[in-house]
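Taking it in order: structure first as structure tokens, then the write-up.
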Amino acid sequence: MTEAPPVPLVPPAELAADVAAVRAFWADLGLPGLFDVHTHFLPEGIERRVWAQFDAAGPKIGRPWPIRYRLGADDRVALLRDMGVRRFPSLPYAHRPGIAEQLNAWARDFAARVPESLWSATFFPEEAAAAYVAGSVADGVEVFKVHVQVGEFELDDPLLTPVWGLLEDSGTPVVVHAGHAPVGNDHTGPAPLTRLLRRFPRLAIVVAHLGAPDYLAFCDLAAAHERVHLDTTMVFTDFWGTDYPDGLTERLRDLEPKVLLGTDVPTIPYPYAHQLEALARLGLGEDWLRSVCWGNGLRLFGDARESRVTARGWSQ
Ligand SMILES: [Zn+2]
């Protein structure tokens, strides 16, 4: 096997410009910073394998995808802090059975080390899931992530029935990569989540990437279910493409309290501020941006955070 050629890193001066652009965005809106509900941190070895998929434009990726924020975890935390991203999750996700608990143990340490992060966990359809999810909820995990595009499972797999029941009762938000993008499979699209919400209508779901490309169907789910939200991750950027259905902008105006800023840092192929510009150019106004980039995240997660800080005696 030949060594892959080294991947060029973004020069420090460019990173400094990225930081300045992000700070200018929230300062102009009069916000104290940003609430980003969709960033990823993984154990180093796993992260390296995920990034290799991006570098190779692997089958789950489907196109060249240069990773802009290819930094170690500590440097990435420092970068987000410099940018004024005040809250962000680690969102590990399991691509096969038997690894969720190991990811969750790692994410627990990350949350303890990075007190402003949203304490994250994941699960997979497997016998042990009900027990370890119950444990995570009892411990105070603030957000779960599941990824049916990568994990290739049904959201309503019978092994997950007790898990969804538990999460409906706890109200813990679950970021779900449910949509077909970037490369769909038999388990992606609006149908599985629609079935799940028929059985568990009070679940606090955050639909990643606005459910791309079936935006309107996922907007319908958000409109019909009190606790279903949508994250903006990568949507409306130049990289993502311009194929949006008529009426989507108006739907997002109506759904203002349910739309949450997400970015997918570190694996984005453009500067962080481009995601913010992409939202601004929808023309929905400054109040909408303030809700999406700060207020909505705070409302959905804020209380849980306060109780976690109090319970563990962590400083703000
Ligand atoms: Zn993601």
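The values are calculated or read from the model by the stated rules, or taken from the named source; none is laboratory data. All figures in this text were calculated on a predicted structure; none of them were measured in a lab. Note: ideal-geometry Cβ built from the backbone for every residue, glycine included; neighbour counts use all protein chains shown.
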Item to complete: Just need a number here: residues in segment 245-267 that are touching a strand residue (DSSP E or B) at 6+ places or on another chain (Cβ under 7 Å) and farther than 26 Å from Arg86 by Cα.
Response: 0
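For every residue, the table says whether it meets (1) crowded, with 17+ Cβ neighbours inside 10 Å; (2) touching a Pro at 6+ places or on another chain (Cβ under 9 Å); (3) more than 20 Å from His38 (Cα to Cα).
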| site | (1), (2), (3) |
| --- | --- |
| Pro125 | yes, yes, yes |
| Ala130 | yes, yes, yes |
| Val137 | yes, no, no |
| Gln149 | yes, yes, no |
| Leu160 | yes, yes, yes |
| Thr172 | yes, no, no |
| His177 | yes, no, no |
| Asp186 | no, no, yes |
Discussion item. Checking the structure you have, find out if any residue of segment 138-147 is in contact with a His (Cβ under 6 Å, 6 or more places away or on another chain) and either among the basic types (Lys, Arg) or within 15 Å of Phe41 (Cα to Cα) (or both).
Written reply: yes
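Which ones in segment 234-245 are out of contact with any helix residue (DSSP H, G or I) (no Cβ under 9 Å at 6 or more places or on another chain) and either within 19 Å of Trp288 (Cβ to Cβ) or among the charged types (D, E, K, R) (or both)? Walk me through how you get there before you give the answer.
Looking only at segment 234-245, we keep the residues that are out of contact with any helix residue (DSSP H, G or I) (no Cβ under 9 Å at 6 or more places or on another chain), and these are 241-243.
Of everything in segment 234-245, just one residue is out of contact with any helix residue (DSSP H, G or I) (no Cβ under 9 Å at 6 or more places or on another chain) and either within 19 Å of Trp288 (Cβ to Cβ) or among the charged types (D, E, K, R) (or both), namely Asp243.
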Worksheet, complete the sentence: Pairing a residue in segment 39-50 that is more than 19 Å from His177 (Cα to Cα) with any residue that is assigned to a loop (DSSP other than H, G, I, E, B) and away from the ligand (no atom under 14 Å from the Cβ), where Cβ atoms lie under 8 Å and the two sit 6 or more apart in sequence or on different chains, gives Glu44/Gly72
Item to complete: Might you check whether a residue that is within 16 Å of the ligand (Cβ to nearest atom) and over 19 Å from Arg113 (Cα atoms) occurs anywhere in segment 74-93?
Response: yes
Response to the item:
When segment 27-66 is checked residue by residue, the ones that are more than 13 Å from the ligand (Cβ to nearest atom), over 23 Å from Leu261 (Cα atoms) and outside any helix (DSSP H, G or I) are Pro43, Ala56, Ala57, Gly58, Pro59, Gly62, Arg63, Pro64
Discussion item. Being buried (at least 18 other Cβ atoms within 10 Å of the Cβ), touching a residue at least 24 places away in the same chain (Cβ under 8 Å) and within 30 Å of Pro59 (Cα to Cα) is the requirement here; does Val141 meet it?
Written reply: no
Worksheet item: Do we have Glu14 as in a loop (DSSP other than H, G, I, E, B), at pLDDT below 95, out of contact with any Asp or Glu (no Cβ under 8 Å at 6 or more places or on another chain) and more than 15 Å from Thr263 (Cβ to Cβ) here?
Response: no
Discussion item. Looking at Leu193, Leu160, Leu167, Leu155 in this structure, which one is away from the ligand (no atom under 16 Å from the Cβ), closer than 16 Å to His95 by Cα and under 19 Å from the mean Cα position of the chain (by Cα)?
Written reply: Leu155
Practice prompt. Provide a single number: the residues in segment 119-151 that are out of contact with any Phe, Trp or Tyr (no Cβ under 6 Å at 6 or more places or on another chain) and within 16 Å of the ligand (Cβ to nearest atom).
Written response: 8
